[in-house]
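Remarks on the structure that follows.
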Amino acid sequence: MAVFTVQRKGHATVSTNNLTRDEAAQRAQLLTVTSYDVQLDFTDGSGEKPGEDTFGSVTTVRFTSREPGRPTYLDLTTREVRSITLNGGLLDVDEVFDGNRIQLPGLAADNEVVVDARCLYMRTGEGVHRFVDPVDGSVYLYTPFETFDAHRMYACFDQPDLKSVFTFTVRAPRAWFCASIAPVIEQPAAGERGSWSFATSAKISYFISPMIACPYAPGRPPPAGTPPRTDGPAPVARPTRPRHLPPGPPRGGGGGPAPLPPPAEPRGVGMGRIGVGAGPRGPR
């Protein structure tokens, strides 16, 4: 469980980057999430190079409340939030944001929140992970969100039962490639800088709303001047069937070997591993 401290107007506010089972259940009873529109900027501002430590994240989330007047909160872990707008009214960032949560007071039946933030790249395999190739210095971004890390990339109700549809737009450096869970509908010309626009996704949970951004596209040659790779992984050996399992049907018309049985579940681990609020870091 991470503890995040944010300095606000001369005092420290401490909150935990976690979501309990009870909190998730209460929020799920209150809200229905309609859509997310997420705009990301992975450049250094010039559009030519990737950013070093932070990236731009502007999120518009639309949702309904079953009990107008009650408050709720969005999850967002970062150090800098530039503005928060709820139903057209500007909220005081210092009052409603503590480093991990954005308090949303006095909800209407239908709501729209816009959050403009600078989010942090991670080097520890969570949120937006930033990897630098030691051979050529290229930067690769990918998003391991499970179980509770989507709110490191955009403001959201980060629990799996509040599913929604997502529309992503990404500003990427020149000659980069971007991919997400939905198809690309618009992208820069080859070798140019610009924005990648994605179609609206199906209704999904947050931990499967991925983003990949890097200099190379599948099937394209590397940029001129890139040194040849000599440190790539060895070829993967063809998997063999364990000896203790019965032989599968014959190849050919038989459809290939029989599937392997699922792995045994560790003792003491049940449905709680995939339920809301399970585990020390919150729900999946």
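The values are calculated or read from the model by the stated rules, or taken from the named source; none is laboratory data. In this text the structure is predicted, and so the values were computed from the model without any measurement. So basically every Cβ, Gly included, is an ideal-geometry build from the backbone, and we count neighbours across all protein chains shown.
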Being within 21 Å of residue 54 (Cβ to Cβ), without any contact (Cβ under 8 Å) to a residue 60 or more places away in the chain, surrounded by fewer than 21 Cβ atoms within 10 Å (Cβ to Cβ) and touching a strand residue (DSSP E or B) at 6+ places or on another chain (Cβ under 6 Å) narrows it down to one of 139, 132, so name that one. 132
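Checking the condition small (Gly, Ala, Ser) and within 18 Å of the chain's Cα centre (by Cα), which residue from 106, 99 passes?
On inspection, the qualifying residue turns out to be 99.
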Report the residue count in the range 104-120 for those that are surrounded by fewer than 20 Cβ atoms within 10 Å (Cβ to Cβ) and either in contact with an Asp or Glu (Cβ under 8 Å, 6 or more places away or on another chain) or over 30 Å from residue 65 (Cα atoms) (or both). 2
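Among the strands (runs of 3 or more DSSP E) confined wholly to the range 28-93, which include 2 or more residues that are in contact with a helix residue (DSSP H, G or I) (Cβ under 8 Å, 6 or more places away or on another chain) and either acidic (Asp, Glu) or crowded, with 17+ Cβ neighbours inside 10 Å (or both)?
On the way: elements: 31-41, 54-65, 72-75, 80-86, 89-91.
Ranges flagged: 72-75, 80-86.
Each row is one residue, and each column tells you yes or no for (1) under 27 Å from residue 100 (Cα atoms); (2) assigned to a loop (DSSP other than H, G, I, E, B).
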position: 134; (1), (2): no, yes
position: 137; (1), (2): no, yes
position: 140; (1), (2): yes, no
position: 144; (1), (2): yes, yes
position: 147; (1), (2): yes, yes
position: 174; (1), (2): no, yes
position: 182; (1), (2): no, yes
position: 191; (1), (2): no, yes
position: 197; (1), (2): no, no
Among (1) of a type in the set (Val, Ile, Thr); (2) in contact with a helix residue (DSSP H, G or I) (Cβ under 9 Å, 6 or more places away or on another chain); (3) modelled with pLDDT of 95 or more, where does residue 96 come up short? (2)
Can we say residue 104 is in contact with a Leu (Cβ under 8 Å, 6 or more places away or on another chain) and either under 21 Å from residue 61 (Cα atoms) or at pLDDT below 95 (or both)? yes
Within the range 100-120, track down each residue that is of a type in the set (A, V, I, L, M, F, W, C) and under 14 Å from residue 35 (Cβ atoms). 113, 114
